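> Attaching a single structure in structure tokens format; questions to follow.
Every number in this text was worked out from the coordinates using simple rules, so none of it is lab data. From a predicted model like this one, the values you see are computed outputs, not experimental measurements. Quick reminder, even Gly has a Cβ in these numbers, built from the backbone with ideal geometry, and neighbours come from all protein chains shown.
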Amino acid sequence: MSRTEFIIATAIVLFIAFSLGWFANWLVHRFTRVAQSDVDELERMSQELHEAEETRDQAIVYLQQREAELTNQLSQTEAELAAAMEGLRDARAQLG
């Protein structure tokens with residue numbers, strides 16, 4: 001094999017390697033490309049999730065406040081009931 005044949009063979013091998021690399025790169029980009037509509041949909045879903053989390057947090061705060069109010073009201077009602085029962089007991093004791 002002469003020097004010229006060796007250079008031509010090497011150039012052909014390098015060109016084939018370059019072509020295969022370029023084709024492989026094109027395939028990878030072709031199959032991994034994300035469409036803009038998919039990105040838009042992901043952004044929309046992200047925004048909806050964020051809004052849902054905010055709504056959930058607001059609902060939790062509201063329920064905690066409502067629970068505190070009802071607990072307070074129940075305590076007051078129990079105190080009034082105890083006072084009424086004590087008054088009834090005293091009234092029965094005075095009558096009997």
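> Which value, in debye to the nearest 20, gives the size of the charge dipole of the chain about its Cα centre, when Lys and Arg are +1 and Asp and Glu are -1 at the Cβ?
Numbers: 8 positive and 16 negative charges, 154 e Å.
With only Lys, Arg, Asp and Glu charged at Cβ, the dipole is about 740 debye.
> Using the alpha-carbon atoms, what tilt in degrees (0 to 90, nearest 10) does helix 3-32 show relative to the longest principal axis of the chain?
For helix 3-32, the angle is close to 20 degrees.
> Choose one of Leu20, Met1, Ala35: the residue whose Cα lies farthest towards the positive end of the charge dipole of the chain (beta-carbon charges +1 Lys, Arg; -1 Asp, Glu; about the Cα centre).
The residue sitting farthest along the positive end of the dipole is Met1.
> Round to the nearest 10 and give me the degree value, 0 to 90, for the angle of helix 36-95's Cα axis relative to the longest principal axis of the chain.
Here the helix axis deviates by roughly 10 degrees.
> A follow-up question, please. Based on the Cα gyration tensor of the range 55-96, what are the three equivalent ellipsoid semi-axes, each the root of five times an eigenvalue, rounded to whole Å and given largest first? Intermediate results must be reported in sequence, preceding the final value.
Working: eigenvalues 321, 4, 3 Å².
Working through the eigenvalues yields semi-axes of 40, 4, 4 Å.
> How much length would be gained if the chain were fully extended between Glu5 and Gln47, taking 0.36 nm per residue of separation minus their Cα-Cα distance, in nm to one decimal?
On the way: separation 42, 0.36 × 42 = 15.12 nm, distance 6.37 nm.
My answer for the length gained is 8.7 nm.
> Under a plain spin-label model, where a point goes 7 Å from the Cα along Cα-to-Cβ, how far apart in nm are Ala91 and Arg33?
8.8 nm
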